[in-house]
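The values are calculated or read from the model by the stated rules, or taken from the named source; none is laboratory data. Predicted model only: the values in this text are computed from it and were never measured. Here Cβ is always computed from backbone atoms with ideal geometry, including for glycine, and neighbour counts include all displayed protein chains. Calculation scope for accessible area: heavy atoms of the full protein, side chains included, ligands and nucleic acids excluded. Shrake-Rupley method; radii C 1.70, N 1.55, O 1.52, S 1.80 Å.
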Amino acid sequence: METEALERPADLTIWRTAPASTPLAQPERFGTLREAIKAAAGALADPAKQPWIITEEGEILSPNWIRTYLN
């Protein structure tokens, strides 16, 4: 991934892996991909949450991609 891509907007959606009484996941827009990754890192701490990011270019970043990037 290009370094400049980290400074472009991205959408983060956190899906639940366990049944929940909350409504369906809604994407949240972040000013930069870097911010979206930081927010996704917090969700990864909960095994019932699966963060997915869609970049401005349309790339879909899975929870495994996010974990790998953070490590």
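Of the strands (runs of 3 or more DSSP E) entirely within the chain, those holding at least 2 residues that are modelled with pLDDT under 95 and open to solvent by 90 Å² or more (accessible area, probe 1.4 Å) occupy 10-16. Pairs are defined by a Cβ separation below 9 Å, a sequence spacing of at least 6 or placement on different chains, a first member in the range 6-35 that is within 21 Å of residue 69 (Cβ to Cβ), and a second member that is open to solvent by less than 30 Å² (accessible area, probe 1.4 Å) and at pLDDT below 80; the pairs so defined are 13/25; 14/25; 15/25.
For beta carbons closer than 9 Å, sequence separation of 6+ or different chains, a first residue in the range 55-71 that is farther than 17 Å from residue 42 by Cβ and a second that is charged (D, E, K, R), the qualifying pairs are 55/8; 55/11; 56/8; 56/11; 57/8.
For the range 43-66, a residue qualifies if it is over 14 Å from residue 5 (Cα atoms) and over 10 Å from the mean Cα position of the chain (by Cα), and the qualifying residues are 45, 46, 47, 48, 49, 64.
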